[in-house]
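What follows is one structure encoded as structure tokens, with my remarks underneath.
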Amino acid sequence: MTYELKFTATDDADWSQAVEIIDNETNGPLEDAATALFELDITDCGDSVLGATTADDTITRPDANTIQWVFTKEQLGALCAGNTYKVGCRMTPVGGASILLFTGTLTFTDGGMA
């Protein structure tokens, strides 16, 4: 089962987000989450505009079943305030097949700070 998530970020601050990875059937930690490769992609009209992965530590693991990413205000400068972007996150266990963990949207707004 793939989850549909909604995120919001502003153009005047970093975007830091943590997502708990839980097994849909047991409601406990998802097996292999502690060692799997995670990849996050933010797209606009099918083109990647921002990405993060555990391969280069742009996605970190605060604990065994949580992933977290941070995009700086400067990185978010690639986005346009007022637009909504597609978000997708894939998990690839060591020696296993990739699974789509979640899809969703990122609404990027004007934070109003000078």
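The values are calculated or read from the model by the stated rules, or taken from the named source; none is laboratory data. Just so you know, these numbers come straight off a predicted model, no measurement behind them. All Cβ positions, even for glycine, are placed from backbone atoms using ideal geometry, and neighbour counts span all protein chains on display.
Provide a single number: the residues in region 20-31 that are surrounded by fewer than 16 Cβ atoms within 10 Å (Cβ to Cβ), in contact with a strand residue (DSSP E or B) (Cβ under 8 Å, 6 or more places away or on another chain) and either assigned to a loop (DSSP other than H, G, I, E, B) or of a type in the set (Lys, Arg) (or both).
Adding up the residues that qualify gives 2.
Suppose we filter region 82-111 for residues that are of a type outside the set (S, T, N, Q), closer than 15 Å to residue 15 by Cβ and either assigned to a strand (DSSP E or B) or modelled with pLDDT of 95 or more (or both); how many remain?
Qualifying residue count, region 82-111: 6.
Within region 50-58, identify whether any single residue is outside any strand (DSSP E or B), at pLDDT 95 or above, within 24 Å of residue 107 (Cβ to Cβ) and touching a strand residue (DSSP E or B) at 6+ places or on another chain (Cβ under 6 Å), and answer yes or no.
yes
Anything in region 38-61 that is touching a residue at least 12 places away in the same chain (Cβ under 8 Å), under 20 Å from residue 5 (Cα atoms) and not hydroxyl-bearing (Ser, Thr, Tyr)? List them, or say none.
38, 39, 40, 41, 42, 44, 49, 50, 51, 52, 59, 61
Please work out which residue is farthest from residue 76 (Cα to Cα), limiting yourself to region 32-49 and to residues that are hydrophobic (A, V, I, L, M, F, W, C) and assigned to a strand (DSSP E or B).
Checked region 32-49; the qualifying residue farthest from residue 76 (Cα to Cα) is 37.
Could we say that residue 35 is loosely packed, with under 15 Cβ neighbours inside 10 Å and either of a type in the set (A, V, I, L, M) or under 30 Å from residue 112 (Cα atoms) (or both) here?
No, not satisfied.
Do you know which of the residues in region 1-19 that are over 11 Å from the mean Cα position of the chain (by Cα) and outside any loop (DSSP other than H, G, I, E, B) is farthest from residue 75 (Cα to Cα)?
Among them, the one singled out is 3.
For the subset of region 38-68 comprising residues that are of a type in the set (Gly, Ala, Ser) and surrounded by fewer than 19 Cβ atoms within 10 Å (Cβ to Cβ), which member is nearest to the chain's Cα centre (by Cα)?
Filtering first and then ranking leaves 51.
What number of residues in region 6-19 are of a type outside the set (D, E, K, R) and exposed (fewer than 12 other Cβ atoms within 10 Å of the Cβ)?
Qualifying residue count for the region: 1.
Quick one: is residue 73 under 29 Å from residue 12 (Cβ atoms), assigned to a strand (DSSP E or B) and at pLDDT 95 or above?
It is false that residue 73 is under 29 Å from residue 12 (Cβ atoms), assigned to a strand (DSSP E or B) and at pLDDT 95 or above.
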